[in-house]
Amino acid sequence: MTLPMRTLRRAGTLAGLCLAVTAAPSLAQEGEPIKIGVLEDQSGDFAAATNVKVHAIELAASEINDAGGIDGRPVELVIYDTQSDNRRYQEFMRRVLQADQVDVVFAGFSSASREAYRPIVNQFDGLAFYNNQYEGGVCDANMIVTGAVPEQQFSTLIPWMMEEYGPNVYTIAADYNFGQISAEWVRQIVEEEGGTMVGEEFIPLGVSQFSQTIQNIQASEADFVVTLLVGAAQASYYEQANASDVNLPMASSVNVGQGYEHKRFTPPSLADMYVTTNYIEEIDSPASNDFVERFRAMFPDEPYINQEAANSYIAMNLYKQLVERAGTTDHDALREVIAEGDVCFDGPSGNVCLDPQSQHMSHTIFLAHVNEDHSIDFPQTWENIEPYWLGDEGCDLTQNDPSAQYTPSNPPNQ
Amino acid sequence: MNTRYNDVTAVTTRREGSLWRAIGHLEGPQTIGRGPLFWGLVSLAIVAAAIYPLFADAWTVGNAAYFMVWTFMAMGLGVVWGYAGALSFGQTAFFGLAGYAYGVLTINIGTAYGFTIAAILLSILLAGLFALLIGYFMFYGRIRGVFIGIVTLSVTLVLETFMAQTAGPQWRIGEARLNGFNGMSGMPPLTIPWPGGDLALFPGRGFYYVLLGLVVACYLGLRMLLNARFGNVLVAIRENPHRAEMLGYDIRLYQTLAFGLGGALAGLSGALYTAWGQYITPSSMGLTAAALPIVWVAVGGRRDITATLLGTILVLAGFQSLTIYGSQYALVVMGSLLLLTVLAAPEGLIVAAMTGARSLWRRARR
Amino acid sequence: MALFQTAFAMLYQFGDAFAFLVISCAGLAVIFGMMGVINLAHGEFIMCGAYVTATVAREGLPLVVAIIAGAVVAGLVGMVIERLVIRHLYHRPLDSIIATWGISLIATQGVLIVLGSTMAGIGTPLGAVTIGGDSYSAYRLVLMVAAIALLAALYLLFYRTRFGVVARATIQKPDMARALGVDTGRMYGLTFGLGAALAGLAGGLYAPTMTMVPTMGATFIVESFVTVVVGGADIFVGAAPAAAILALIRATLTAWYGQLFGQIGLLVAVIVVIRILPGGLSAWLKRGSR
């Protein structure tokens, strides 16, 4: 008895050893954490809107880890503060990809910061989630975008506003890529719907005094004003417009959902502002309320849970799903999963899906209306709005990877 | 005396003489550091820098190369501010101009036949000429002191504001779209023609050695220039412009030339930065970006080129590690360090360290 | 009527730009123009004044009291900073760039960490007035009056009071002033404090019209420096006409060609003015009067 037992045991150890040797890489991977790089602006100009993104990622990470991790592997976050500085994005994107060897990066608030790090992600063939609403058009296989894009926000907002208030539109927009491209979308949709652009004005970033602009708007016959203003300085417009009794309804794709101006400004400066957003904390659905509750349980002092927070949270869960379905963190395998076209997540903002052609995300678009007292109501909701533009224009990441950013006046098929 | 030699020898000795004189200018009144000990340390530092990539990981090497990218702009400002006494708040204008020039040139022409190197040279030339123009405008207009700071700051802010709104498709130069505030990308990295396929210098060892060579060449070259007549006149102007003028020097010319040199060096930084990250943005010409070179130079010590060089690398590396490990407190610590430096080491940290080391050395020899 | 309307509109725009330049540069005119300290933390003194004003106003005190509180607190902070840091830098003004930049970093980020990334605003009082069919913010008209009052008060303070005369004497000829028994250290402290208080006042006055974030001071800094420098060495002779000229250029270009040209035009104007008048406006004006 003893001998066979011993031999058996020895055989067992041997077999185990063999197994261990052959399975070493995958075994090591099994217990090894999945590293996620997080590059967000925790200080500087953009801090107000981006600190909450980091918290959302931390919330998602702790929930995922409590539920057993991604495919049995715990999630480890590597967080750097990029200080609203493009150079820090360049430095730290290299660092997370080269030195920290992360599996995926969640990065960027401003479009400039995204464009600063994108060449580096491409050089190292990394994978980055950009969880921000932006001007659209990035067709890059190394990027997954969960934020809303203009066709989702304006194709819903502008027709609704024109029907409600009239065909004469005045746009004021920040004088850079986001503002100019968004204004282009507004112009196009207004013309398609048979309206008139009675004015269009571009404001350099950092301008905080708007007297002339306000006067121009008052002199025009506008039925409503599309405000595509960006940054703390430009946000002074609302206070100044209100003080001058402009009294026109406003439509926007950036306010409220990002910088929670309705919480920060004194009522009624934002009264009658309409915003299309894919999430804000006021959304009264069981999933949203639950999300807000869990968020505040972990971060009780969070000033506001904005759409970028929800997008970051969704992105974490999408990544979990991608890795678990692919069985690996390898980017090509993940993209094959995306190509199946059914990567969806039912989260705080409803059901959202990744579009394989552009690697952007569909959204439920909520029309948020700011009341006199700055409370929010939702006169309209559009479900499952697709990010159709890139695909329609010929960007198909399942076929090829141009790694470029396109605009309506500079589309891919040109 | 010359009659002893025939013409040919006279010419050669004069040439050799000027070469030796130039090498002799490696040390002199305008730079700290002389004698075998100093040069021994310098050689040791160069050797250490040269073998260090063999022991460090790829990111650290690339990152060190990235720090070196900025030192040219800092040394240029060191010449303009520390030696010529004109505080320029707008070196970033030349930095940005050269960065964009590199992008436009390489996107349009490509990398064949080592064109990226030519593009860098052309960008430097452009930045240098622009700086000469601004310098001519200022110094021949008798603009002095803090007014120089404001004019140069205005120049860089005008460029920033203008470039930020060039997002539309109409803003293109050939194939290259300026692309507004989001910045221009898609330019190739520095590419060196090589038998059997060009070498694209992505940040890494290759890029590091090119940078190291450039930094050493630039540093030694500036030492020779600053200890030669040109540097002496600059310092004379800084100390007392009227006296220098009375002694017969055209101070406007010297200041303009120094400013042009500073601009060209900022341009070198700009072109290399664009090649490094394949990206250039208007915000690299903004107010914060414009203040940074002044901080680097002042912290190290502006009156000595060695101090400027070392100080810049020290501040860049220090601030970056603070940001990595200090999270949100990084900026507070940075601010406090700057305050402490100004109060405790008025001449600059590196200058203070070097003078301290020298007096220790002297005491030890006694 | 239409002519009057257009004329008033133009005047309003000019007055608005003028008030912004005068109010935001007053503090810097004292600290930089008079004392020669290149104060890159000017924007942070403004932010300090704005934050204090907003906090006090939200406690229910009248806005005027809140604005004065903002100015006083900023002034006190200024005096403390002068005592600890600036005092050591009078004989090397260029180093003050680094020191004040450091202070600015600490202040901006410190406020972000302690008070959070934003602060609720307090809303613009007084509503709107309708003049010739267009409505204007009444508070902005108040700001224009405040700008002129501020210029007058500063002139009186520095030319008609003992403090003003002693302060100017101390800064122009410190040794002489000391020989005459002036406590120059105290005078430097008070003058710097006054400059900081004026910056705080600017923050307080503009707090109701702006968004409150730790980086809000940055919007003021370029315009302030530019106005002071164009004004030249003698701030009381130079600053007001400088603000007037720059405001005229900015308002006109903004009205005709949009905000971009207003912004760029302002900076180009600065370059040109300095080129033509290397000593600033005040040197030129004084030469004319001699």
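Of all residues in segment A:223-247, those that are modelled with pLDDT under 90 and over 26 Å from the mean Cα position of the chain (by Cα) total 9. For segment C:194-211, filtered to residues that are within 14 Å of another protein chain (Cβ to nearest Cβ) and part of a helix (DSSP H, G or I), the residue that is farthest from C:V80 (Cα to Cα) is C:T209.
Test of understanding: among B:G35, B:G85, which residue is within 14 Å of another protein chain (Cβ to nearest Cβ) and modelled with pLDDT under 90?
Working: B:G35 fails: within 14 Å of another protein chain (Cβ to nearest Cβ).
Being within 14 Å of another protein chain (Cβ to nearest Cβ) and modelled with pLDDT under 90 holds for just one of B:G35, B:G85, which is B:G85.
List every residue pair whose Cβ atoms sit under 9 Å apart, with the two residues 6 or more apart in sequence or on different chains, where the first one lies in segment A:262-275 and is free of Cβ contacts under 8 Å to residues at least 40 places away in the same chain and within 11 Å of chain C (Cβ to nearest Cβ) and the second, anywhere, is among the charged types (D, E, K, R) and crowded, with 24+ Cβ neighbours inside 10 Å. Sorted first by the residue in segment A:262-275, then by its partner, the pairs are A:T266/A:E239; A:S269/A:E239; A:S269/A:E261.
In this entry, A:L397 passes the filter for residues that are outside any helix (DSSP H, G or I), under 24 Å from A:N122 (Cα atoms) and among the aliphatic types (A, V, I, L, M).
Taken over segment C:108-126, residues that are of a type outside the set (A, V, I, L, M, F, W, C), at the interface with chain A (Cβ under 7 Å from one of its Cβ atoms) and surrounded by fewer than 21 Cβ atoms within 10 Å (Cβ to Cβ) amount to 2.
Residues that are assigned by TED's automatic domain parsing to the domain that holds A:H360 and out of contact with any helix residue (DSSP H, G or I) (no Cβ under 8 Å at 6 or more places or on another chain): does segment A:154-175 have at least one? Scanning segment A:154-175, I find no residue that is assigned by TED's automatic domain parsing to the domain that holds A:H360 and out of contact with any helix residue (DSSP H, G or I) (no Cβ under 8 Å at 6 or more places or on another chain), so the answer is no.
Within segment B:171-182, identify whether any single residue is within 14 Å of chain A (Cβ to nearest Cβ) and of a type in the set (S, T, N, Q), and answer yes or no. Yes, there is a match, as at least one residue in segment B:171-182 is within 14 Å of chain A (Cβ to nearest Cβ) and of a type in the set (S, T, N, Q).
Okay, residues lined up against (1) modelled with pLDDT under 90; (2) facing another protein chain (nearest Cβ under 8 Å); (3) on the phi > 0 side of the Ramachandran plot:
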{"site": "A:R87", "(1), (2), (3)": "yes, yes, no"}
{"site": "A:V96", "(1), (2), (3)": "no, no, no"}
{"site": "A:G108", "(1), (2), (3)": "yes, no, yes"}
{"site": "A:L127", "(1), (2), (3)": "no, no, no"}
{"site": "A:G137", "(1), (2), (3)": "yes, no, yes"}
{"site": "A:V149", "(1), (2), (3)": "no, no, no"}
{"site": "A:Q180", "(1), (2), (3)": "yes, yes, no"}
{"site": "A:E193", "(1), (2), (3)": "yes, no, no"}
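Condition check: of a type outside the set (A, V, I, L, M), under 30 Å from A:S111 (Cα atoms) and within 14 Å of chain C (Cβ to nearest Cβ). Does B:S327 satisfy that? When the stated conditions are applied, B:S327 passes them.
Could you tell me whether any residue of segment C:57-73 is within 11 Å of chain A (Cβ to nearest Cβ), more than 21 Å from the chain's Cα centre (by Cα), surrounded by fewer than 18 Cβ atoms within 10 Å (Cβ to Cβ) and on the phi > 0 side of the Ramachandran plot?
Among the residues of segment C:57-73, not one is within 11 Å of chain A (Cβ to nearest Cβ), more than 21 Å from the chain's Cα centre (by Cα), surrounded by fewer than 18 Cβ atoms within 10 Å (Cβ to Cβ) and on the phi > 0 side of the Ramachandran plot, which makes the answer no.
Of these, A:R325, A:R296, which one is charged (D, E, K, R), under 22 Å from the mean Cα position of the chain (by Cα) and more than 30 Å from C:V129 (Cβ to Cβ)?
On the way: A:R325 fails: under 22 Å from the mean Cα position of the chain (by Cα).
Of the residues listed, the single one that is charged (D, E, K, R), under 22 Å from the mean Cα position of the chain (by Cα) and more than 30 Å from C:V129 (Cβ to Cβ) is A:R296.
Against the definition (in a loop (DSSP other than H, G, I, E, B) and among the aromatic types (F, W, Y)), how does A:Y238 come out, yes or no? Write out each step before concluding.
Working: in a loop (DSSP other than H, G, I, E, B): no; among the aromatic types (F, W, Y): yes.
No.
Do we have C:V268 as hydrophobic (A, V, I, L, M, F, W, C), modelled with pLDDT of 80 or more, surrounded by fewer than 18 Cβ atoms within 10 Å (Cβ to Cβ) and farther than 30 Å from A:E239 by Cβ here? Judged against the criteria, C:V268 is not a match.
Is there a residue being of a type in the set (K, R), part of a helix (DSSP H, G or I) and farther than 25 Å from A:I338 by Cα anywhere in segment A:100-121? Explain how you work it out, then say what you get.
If we filter segment A:100-121 for residues that are of a type in the set (K, R), which is where we start, we get A:114, A:118.
Imposing the further condition that a residue be part of a helix (DSSP H, G or I) reduces the set to A:114, A:118.
Next cut, farther than 25 Å from A:I338 by Cα only: none.
No: segment A:100-121 contains no residue that is of a type in the set (K, R), part of a helix (DSSP H, G or I) and farther than 25 Å from A:I338 by Cα.
Scanning for something closer than 29 Å to A:V292 by Cα, acidic (D, E) and in a strand (DSSP E or B), does segment A:72-87 turn up at least one residue?
Scanning segment A:72-87, I find at least one residue that is closer than 29 Å to A:V292 by Cα, acidic (D, E) and in a strand (DSSP E or B), so the answer is yes.
What do you reckon, is C:E44 under 26 Å from B:G326 (Cβ atoms), among the acidic types (D, E) and either touching an Asp or Glu at 6+ places or on another chain (Cβ under 7 Å) or buried (at least 23 other Cβ atoms within 10 Å of the Cβ) (or both)? It is true that C:E44 is under 26 Å from B:G326 (Cβ atoms), among the acidic types (D, E) and either touching an Asp or Glu at 6+ places or on another chain (Cβ under 7 Å) or buried (at least 23 other Cβ atoms within 10 Å of the Cβ) (or both). Under the condition of being in contact with a Phe, Trp or Tyr (Cβ under 6 Å, 6 or more places away or on another chain), within 14 Å of chain C (Cβ to nearest Cβ) and outside any loop (DSSP other than H, G, I, E, B), the residues counted in segment A:40-67 number 2. For segment C:19-41, the condition holds for at least one residue, the condition being that it is out of contact with any helix residue (DSSP H, G or I) (no Cβ under 6 Å at 6 or more places or on another chain), touching a residue at least 12 places away in the same chain (Cβ under 8 Å) and either outside any loop (DSSP other than H, G, I, E, B) or of a type in the set (V, I, T) (or both). Taken over segment B:147-195, residues that are more than 21 Å from B:G267 (Cα to Cα), hydrophobic (A, V, I, L, M, F, W, C) and either buried (at least 21 other Cβ atoms within 10 Å of the Cβ) or in contact with a Pro (Cβ under 6 Å, 6 or more places away or on another chain) (or both) amount to 2.
Determine whether C:L154 is buried (at least 18 other Cβ atoms within 10 Å of the Cβ), more than 14 Å from chain A (Cβ to nearest Cβ), of a type in the set (A, V, I, L, M, F, W, C) and more than 30 Å from B:T341 (Cβ to Cβ).
Values: buried (at least 18 other Cβ atoms within 10 Å of the Cβ): yes; more than 14 Å from chain A (Cβ to nearest Cβ): yes; of a type in the set (A, V, I, L, M, F, W, C): yes; more than 30 Å from B:T341 (Cβ to Cβ): yes.
Spelling it out, C:L154 is indeed buried (at least 18 other Cβ atoms within 10 Å of the Cβ), more than 14 Å from chain A (Cβ to nearest Cβ), of a type in the set (A, V, I, L, M, F, W, C) and more than 30 Å from B:T341 (Cβ to Cβ).
Name the residues in segment A:112-138 that are hydrophobic (A, V, I, L, M, F, W, C) and under 16 Å from the mean Cα position of the chain (by Cα), would you? Result: A:A112, A:L127, A:A128, A:F129, A:V138. Every listed requirement among (1) in a helix (DSSP H, G or I); (2) in contact (Cβ under 8 Å) with a residue 60 or more places away in the chain; (3) more than 19 Å from A:V105 (Cβ to Cβ); (4) of a type outside the set (K, R) is met by A:E163 save one, (2).
Against the conditions (1) of a type outside the set (A, V, I, L, M, F, W, C); (2) away from chain C (no Cβ under 11 Å); (3) not in a helix (DSSP H, G or I), B:R302 satisfies every one except (2). Determine, yes or no, whether B:L129 is in contact (Cβ under 8 Å) with a residue 40 or more places away in the chain and either within 14 Å of chain A (Cβ to nearest Cβ) or under 30 Å from B:A244 (Cα atoms) (or both). For B:L129, the condition - in contact (Cβ under 8 Å) with a residue 40 or more places away in the chain and either within 14 Å of chain A (Cβ to nearest Cβ) or under 30 Å from B:A244 (Cα atoms) (or both) - is met.
Could you please let me know if C:L105 is closer than 30 Å to B:G85 by Cα, within 12 Å of chain A (Cβ to nearest Cβ), buried (at least 16 other Cβ atoms within 10 Å of the Cβ) and among the aliphatic types (A, V, I, L, M)? In short, yes. When C:I31 is tested against (1) among the β-branched types (V, I, T); (2) under 19 Å from the mean Cα position of the chain (by Cα); (3) within 21 Å of B:V333 (Cβ to Cβ); (4) more than 7 Å from every other protein chain (Cβ to nearest Cβ), exactly one condition is not met: (3).
Just one of the numbered conditions (1) within 9 Å of another protein chain (Cβ to nearest Cβ); (2) at positive phi is not true of B:G145: (1).
The values are calculated or read from the model by the stated rules, or taken from the named source; none is laboratory data. Everything numeric in this text was worked out from a predicted model, so none of it was measured. Positions of Cβ are backbone-derived with ideal geometry, glycine not excepted, and every protein chain shown enters the neighbour counts.
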